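The values are calculated or read from the model by the stated rules, or taken from the named source; none is laboratory data. Note that this is a predicted model, so its numbers are computed, not measured. Virtual Cβ from ideal backbone geometry, glycine too; neighbours counted across all protein chains shown.
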């Protein structure tokens, strides 16, 4: 069975692609899309691109997919926890007399989150590496970096498109 | 922690200790500075005094009669019977809910469809399918001209340093977040997405849909 079809089927089953297609069908581009939905779409996009870039066999892909998803989830979870603690630190610092005990607790929490996040990410990488050969492992590191850059370029492009649209609207009499 | 809550007020436990006289008021300096905590303590003391008053038969208008000894003898067996009855009802309800055709039929249909799909896909021969090269070759960094090379970290004219210096003077936190949205690190894109406006998110959704529906996005290069 072709790996591409596995990828497409699995992504549809996991719900990465379905929302996008449903909206495209309904022509519902004007509907609001939440950051969480976009992040989900980005995950789906990363998974598809990973299969292509690493040239995974069908067998490898079946094992790679949940492990890669676990890495993405781990990272996102750590980031969310970190942001939450940072926000509470920010609120504390806005007080005239920040409670030093609470600041200390928050810093400790931050350190724990970082330590746990690194350990979880390391475990997730080890799981992925078990599925890939040496060359693919190396490619995966490069792929991740380039994927981040690619996603960032898309965010920048989306901003630019919206800015252009606004400019056009303002120029209309 | 000194018994103060997140907002700097006294915790309920400390207030109770103070109200009951377990802790002396002078041992909690916050109390002399905070009207809200003093008010809370006064209310708590009043409530405790009120409850103590009701407990005293001289102050209480209505005495609650003690139940008969027979009541306590039968209480335990009644509770056991009631629990056993609930359990039996719960088990029957679960089975009835799952055995209804409206619930079981779609599940069985979905399972059968999944099994058929699995068998069919297993027997489909592998045919190499030439897919046109992607317009977004992500393993060729040279094709991303929109990304300028990074400035050396710590350079005197590092724009990131200027950005941080502006924070708190001309830049608010939200402005800073927006400016920092371009930071590229693992998970950084999530932060960038959060800072987008509704319209920008819609544009990004369209872009992503374009990328994902391209044949190249599903194929090998």
**OP:** Inspect segment A:153-172 for any residue being part of a helix (DSSP H, G or I), under 21 Å from the mean Cα position of the chain (by Cα), under 16 Å from residue A:67 (Cα atoms) and within 12 Å of chain B (Cβ to nearest Cβ) and give the result as yes or no.
**Re:** no
**OP:** Could you list all residues from segment B:1-19 that are farther than 15 Å from residue A:97 by Cβ and at pLDDT 80 or above?
**Re:** B:10, B:11, B:12, B:13, B:14, B:15, B:16, B:17, B:18, B:19
**OP:** Sort out which residues of segment A:84-99 are within 10 Å of another protein chain (Cβ to nearest Cβ) and outside any loop (DSSP other than H, G, I, E, B), and write them in order of number.
**Re:** A:87, A:88, A:90, A:91, A:92, A:94
**OP:** Kindly indicate whether any position in segment A:62-75 is outside any helix (DSSP H, G or I) and facing chain B (nearest Cβ under 10 Å).
**Re:** no
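On the basis of being within 14 Å of chain A (Cβ to nearest Cβ), surrounded by 10 or more Cβ atoms within 10 Å (Cβ to Cβ) and modelled with pLDDT of 75 or more, does residue B:34 make the cut?
Working: within 14 Å of chain A (Cβ to nearest Cβ): yes; surrounded by 10 or more Cβ atoms within 10 Å (Cβ to Cβ): yes; modelled with pLDDT of 75 or more: yes.
Spelling it out, residue B:34 is indeed within 14 Å of chain A (Cβ to nearest Cβ), surrounded by 10 or more Cβ atoms within 10 Å (Cβ to Cβ) and modelled with pLDDT of 75 or more.
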**OP:** Can you give me the number of residues within segment A:78-98 that are surrounded by fewer than 17 Cβ atoms within 10 Å (Cβ to Cβ) and in contact (Cβ under 8 Å) with a residue 24 or more places away in the chain?
**Re:** 2
Original post:
Residue check: is residue A:52 loosely packed, with under 13 Cβ neighbours inside 10 Å, within 9 Å of another protein chain (Cβ to nearest Cβ) and at pLDDT below 90?
Top reply: no
